[in-house]
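Okay, structure first, notes after.
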Amino acid sequence: MLYFHEPDWTGHKYGPSSAKTVDQIQRMDGIMGTIMDKAGKLSIADKLNVLVVSDHGMTEVHPEQTIDLSAYTDLSDVTTAGAGPTVFLSSDSKERLTTVYNDLQQLPNAQVYWKRDIPERWHYRDHERIPEVLIVAEEGWTLMPMGHGPGMPRGSHGYDNDLSSMQAIFVADGPAFKSGYSRKIFENIHIYPLLAHILGLEPYQGIDGDLNVVKDLLAD
């Protein structure tokens, strides 16, 4: 398994549409070409399955599209976690947290959820480690719990995964896969059971991923 931090790092710093990010995409394309050329010369080349994936997309963000949560409510006695597309809130006092939640209903360009109301399609509301309140910014907006912070990025991810800008890539090649086949998008959660199937492993059962969703990719 190989992991590359580009073009993610450059996309965050300069924005996904910047010339510097485009340069990094071209550089990574060249690196991938070298890997595939060398892999093609191995004695096991006809048995290799290669998957190229990303874990998210990215969208442009701008300093003027920043939401200061402290301008809408008093966050004392409330624990905040995160900044950017999402912020979590928790408190030992349910009454205090309810007051903050109600105050934040006037928040522009963002949605505020009690944990129980987080959309089911996010698979993100049942675990005990998830705080009681989640705030999700609209695409391109940045949440700051206590005002503007230093070093604002020009690109970000973590917004609603239904947005086209948040969609990842999936490219696969090898004897396990159909050749020249393309299909509609699918969630990354289904890649794990797909890999387990190719490797002849029994996947863990307590997962959201489902091999049947992506079985059409397979040659057999």
As a test of the formula, what do you get for the chain when each DSSP H run with n ≥ 4 contributes -39,500 (n - 2.57) and the sum is divided by the residue count, at 222 nm and rounded to the nearest 500 deg cm²/dmol? -7000 deg cm²/dmol
So what is log10(I(q)/I(0)) for the stretch 66-152 at q = 0.15, 0.21, 0.25 1/Å, when the Debye sum runs over its Cα atoms only? -0.51, -1.01, -1.38
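Tell me, in nm to one decimal, what length is gained between residue 54 and residue 96 on full extension, where the rule is 0.36 nm per residue of separation less the Cα-Cα distance?
Details: separation 42, 0.36 × 42 = 15.12 nm, distance 3.95 nm.
Once the chain is fully extended between residue 54 and residue 96, it gains 11.2 nm.
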Using the Karplus curve 6.51 cos²θ - 1.76 cosθ + 1.60 with θ = phi - 60°, work out ³J(HN,Hα) for each residue of the stretch 37-42 in order, rounded to whole Hz, and write x for Gly and Pro. 4, 5, 5, x, 9, 6
Let me have the relative contact order for the chain, percent, based on Cα pairs under 8 Å that are six or more residues apart. 26
Projected area, mean over directions - the chain, Cα convex hull, nm²: 14.5
Restricting to lysines and to Cα separations under 23 Å from residue 38, and discarding same-chain partners fewer than 8 apart, the set is 47, 178
Within 10 Å of each residue's Cβ, count the other Cβ atoms and sort 107, 194, 143 from fewest upward. 107, 143, 194
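Readers should treat all values here as calculations from the given coordinates under stated rules, not as data from a laboratory. Please read all numbers here as calculations on a predicted model, not as lab measurements. In this analysis, Cβ positions are derived from the backbone assuming ideal geometry, glycine residues included, and neighbour counts consider all displayed protein chains.
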